[in-house]
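Beneath this line is the structure, given in structure tokens, with notes to follow.
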Amino acid sequence: MNREVAHHHHHAPPDYSRAFAAGVALNLAFVVVEAVFGILSNSLALLTDAGHNLSDVLGLLLAWGAAALAAKRPSTRRTYGYSRATIIASLFSGLLLMGAVGAIGWEAFNRLLEPAAPSGGTIMIVAAIGVVINTATALLFLSGKDSDLNIRGAFLHMAADAAVSLGVVASGALILFFGFGWIDPLISLVIAAVIFLSTWGLLRDSLDLAVDAVPRNVDPGAVRAYLTGLPGVRAIHDLHIWPMSTTDTALTAHMVMDVFPANDQFLEQIAAVLQERFAIKHPTIQLERHDSDVVCRQAEHCAD
């Protein structure tokens with residue numbers, strides 16, 4: 001006879017609503033300022049950064065909406081709630097930025113062929129404002145960047161924007177003091193490269209989570225070794241570890257036992273260790289006798 005224990009508790013993620021609201025408001029206002037002065041100063045770097053900042057506002061809105069959905073409690077039909085919305089938002093945010101990279105690169109290449117004469121002083125002042133705004137916005141998400149991919153995406157976008165704006169300040173200085181008009185589209189290409197590099201890891205990790213890959217912060221070999229090494233465990237099969245959201249991880253496993261434990265303390269201890277050591281908050285363990293006829297359905301584990 002099999003014994004099974006499941007732990008499916010809804011853990012509300014930290015509330016970043018105020019941080020998202022402040023970030024969206026600040027960056028949307030700056031997009032308008034940057035676009036207006038980009039046109040007035042004939043600066044592609046400013047217009048490029050304005051377009052990038054606009055895509056980041058959309059990314060912040062996506063992340064904000066996903067975080068709000070993830071906070072909703074599960075229902076009878078949606079037993080996991082809307083936690084997975086954070087993964088979808090991270091993936092769309094990465095795709096959005098990759099599209100921006102292509103558009104920026106194309107426009108910068110064309111401007112290199114036909115250079116303009118932008119106003120260096122205006123570029124420096126507007127970009128310096130961007131450094132302050134983007135740094136302040138990034139700091140709003142600093143505390144959650146290591147524990148939530150959705151929040152990490154918001155942080156990386158804003159931190160990259162601060163670095164990009166700093167580069168635009170340098171571009172304005174070179175134009176103002178040395179007349180290097182060609183530096184404007186060149187800085188735009190550098191901006192595109194920075195966006196690509198900062199987005200690639202986010203897109204890769206989001207895609208992994210979207211296809212239920214084991215989260216990068218969990219070592220599946222170490223989890224398997226821990227479960228196999230428990231007293232009375234003969235073998236493990238059908239071990240699955242997958243993300244429920246950008247913050248919560250689930251696990252299911254069949255444990256073949258020589259002797260069944262006398263009470264549920266054995267299972268409670270496993271759940272506690274999985275959460276503490278591997279950040280797996282939703283384990284489901286099925287116990288089976290060694291002479292059980294339960295079929296293994298995961299080929300790489302069935303030889304055990």
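In contact (Cβ under 8 Å) with a residue 40 or more places away in the chain and either aliphatic (A, V, I, L, M) or in a helix (DSSP H, G or I) (or both), is that true of Ser90?
Criteria met by Ser90.
Between Phe155, Phe196, Phe178, which is touching a Phe, Trp or Tyr at 6+ places or on another chain (Cβ under 8 Å) and not polar (S, T, N, Q)?
Phe155
Which residues, counting only those in segment 61-84, are exposed (fewer than 14 other Cβ atoms within 10 Å of the Cβ) and among the aliphatic types (A, V, I, L, M)?
none
Residue by residue through segment 149-180, note down the ones that are out of contact with any Gly (no Cβ under 9 Å at 6 or more places or on another chain) and small (Gly, Ala, Ser).
Those that are out of contact with any Gly (no Cβ under 9 Å at 6 or more places or on another chain) and small (Gly, Ala, Ser): Ala159, Ala160, Ala163, Gly167, Ala170.
State yes or no: is Arg111 over 25 Å from Ser17 (Cβ atoms), charged (D, E, K, R) and part of a helix (DSSP H, G or I)?
Judged against the criteria, Arg111 is a match.
Can you confirm whether segment 158-171 contains a residue that is under 19 Å from the mean Cα position of the chain (by Cα), buried (at least 20 other Cβ atoms within 10 Å of the Cβ) and without any contact (Cβ under 8 Å) to a residue 24 or more places away in the chain?
Among the residues of segment 158-171, not one is under 19 Å from the mean Cα position of the chain (by Cα), buried (at least 20 other Cβ atoms within 10 Å of the Cβ) and without any contact (Cβ under 8 Å) to a residue 24 or more places away in the chain, which makes the answer no.
Only one of Arg216, Arg224, Arg234 is out of contact with any strand residue (DSSP E or B) (no Cβ under 7 Å at 6 or more places or on another chain) and of a type in the set (Lys, Arg); which? Please lay out each step first, then the result.
Working: Arg224 fails: out of contact with any strand residue (DSSP E or B) (no Cβ under 7 Å at 6 or more places or on another chain); Arg234 fails: out of contact with any strand residue (DSSP E or B) (no Cβ under 7 Å at 6 or more places or on another chain).
Of the residues listed, the single one that is out of contact with any strand residue (DSSP E or B) (no Cβ under 7 Å at 6 or more places or on another chain) and of a type in the set (Lys, Arg) is Arg216.
Keeping to segment 192-250, report how many residues are hydroxyl-bearing (Ser, Thr, Tyr) and in a helix (DSSP H, G or I).
5
Given the conditions (1) farther than 28 Å from Asn150 by Cβ; (2) β-branched (Val, Ile, Thr); (3) surrounded by fewer than 17 Cβ atoms within 10 Å (Cβ to Cβ); (4) in contact with a Ser or Thr (Cβ under 7 Å, 6 or more places away or on another chain), report the number of the one that Thr252 does not fulfil.
Tallying (1) farther than 28 Å from Asn150 by Cβ; (2) β-branched (Val, Ile, Thr); (3) surrounded by fewer than 17 Cβ atoms within 10 Å (Cβ to Cβ); (4) in contact with a Ser or Thr (Cβ under 7 Å, 6 or more places away or on another chain), Thr252 fails exactly one: (1).
Considering every residue within segment 127-135, establish whether at least one is assigned to a helix (DSSP H, G or I) and either among the hydroxyl-bearing types (Ser, Thr, Tyr) or in contact with an Asp or Glu (Cβ under 6 Å, 6 or more places away or on another chain) (or both).
Within segment 127-135, one or more residues are assigned to a helix (DSSP H, G or I) and either among the hydroxyl-bearing types (Ser, Thr, Tyr) or in contact with an Asp or Glu (Cβ under 6 Å, 6 or more places away or on another chain) (or both).
Name the residue that is nearest to Asp205 (Cα to Cα), counting only residues in segment 215-247 that are exposed (fewer than 14 other Cβ atoms within 10 Å of the Cβ) and aliphatic (A, V, I, L, M).
Checked segment 215-247; the qualifying residue nearest to Asp205 (Cα to Cα) is Ala222.
Hey, does segment 63-75 have a residue that's farther than 20 Å from Thr247 by Cβ and of a type outside the set (Phe, Trp, Tyr)?
Step one: list which residues in segment 63-75 are farther than 20 Å from Thr247 by Cβ, which gives none.
No, segment 63-75 contains no residue that is farther than 20 Å from Thr247 by Cβ and of a type outside the set (Phe, Trp, Tyr).
So Asn150 clears everything in (1) free of Cβ contacts under 8 Å to residues at least 60 places away in the same chain; (2) buried (at least 17 other Cβ atoms within 10 Å of the Cβ); (3) under 23 Å from the mean Cα position of the chain (by Cα) except one condition, right? Which one?
Checking Asn150 against (1) free of Cβ contacts under 8 Å to residues at least 60 places away in the same chain; (2) buried (at least 17 other Cβ atoms within 10 Å of the Cβ); (3) under 23 Å from the mean Cα position of the chain (by Cα), the one that fails is (1).
Regarding segment 48-60, can at least one residue be identified that is crowded, with 22+ Cβ neighbours inside 10 Å, assigned by TED's automatic domain parsing to the domain that holds Gly120, at pLDDT 85 or above and in a helix (DSSP H, G or I)?
yes
The values are calculated or read from the model by the stated rules, or taken from the named source; none is laboratory data. Here the structure is a predicted model, which means the values were calculated and not measured. When we count neighbours, we look across all protein chains shown, and the Cβ atoms used for this are built from the backbone with ideal geometry, even at glycine.
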